[in-house]
């Protein structure tokens with residue numbers, strides 16, 4: 001029993017010793033991406049679309065080759081082939097038309113966000129009938145107005161969305177860096 005506890009403690013020590021620097025790298029990456037989204041939003045979004053397009057293209061090529069090579073052994077190889085060809089098409093489209101791809105993705109996302117904000121706002125306004133809360137009513141109206149803004153001013157909403165994501169990534173990255181150094185202190189105490 002004592003040997004099992006000591007082994008478990010040693011495993012925890014190893015995780016803590018390696019986890020802090022992984023968390024640090026993640027935090028630095030998030031912070032850098034957040035800063036880039038805040039100060040170079042168009043270029044950063046285009047770069048992310050290229051990376052995504054390259055991933056889809058490579059994955060599509062491998063899926064297509066795999067489905068053709070092993071079609072005799074895979075029952076639903078046609079689905080894999082369609083997935084591969086679609087990945088190639090969308091990947092090439094994202095690589096050679098990143099601005100159009102970005103615009104279409106943002107418009108789709110903004111429509112979903114706008115609809116969600118309006119629905120949540122309406123639900124919150126109706127919930128005030130039950131809870132009799134002015135703050136809940138006001139926040140519901142604000143959500144509805146934000147949803148309408150997403151439909152009325154899509155370009156402004158797209159930039160606002162990118163800045164919000166950039167700000168959240170920067171704050172999240174800085175928090176990861178802080179937690180990484182806290183974890184490093186724990187790792188140093190465990191070594192003693």
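The values are calculated or read from the model by the stated rules, or taken from the named source; none is laboratory data. Fair warning: this is a prediction, and the values are worked out from it, not measured in the lab. Positions of Cβ are backbone-derived with ideal geometry, glycine not excepted, and every protein chain shown enters the neighbour counts.
Key figures for this structure:
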item	result
Filter result (within 17 Å of residue 44 (Cα to Cα) and surrounded by 15 or more Cβ atoms within 10 Å (Cβ to Cβ)) within the range 164-174	165, 166, 169, 170, 173
Restricting the range 33-61 to residues that are within 30 Å of residue 182 (Cα to Cα) and surrounded by 14 or more Cβ atoms within 10 Å (Cβ to Cβ), the residue that is modelled with the lowest pLDDT	37
Any hit, the range 127-146, residues being buried (at least 16 other Cβ atoms within 10 Å of the Cβ), within 26 Å of residue 41 (Cα to Cα) and in contact with a helix residue (DSSP H, G or I) (Cβ under 8 Å, 6 or more places away or on another chain)	yes
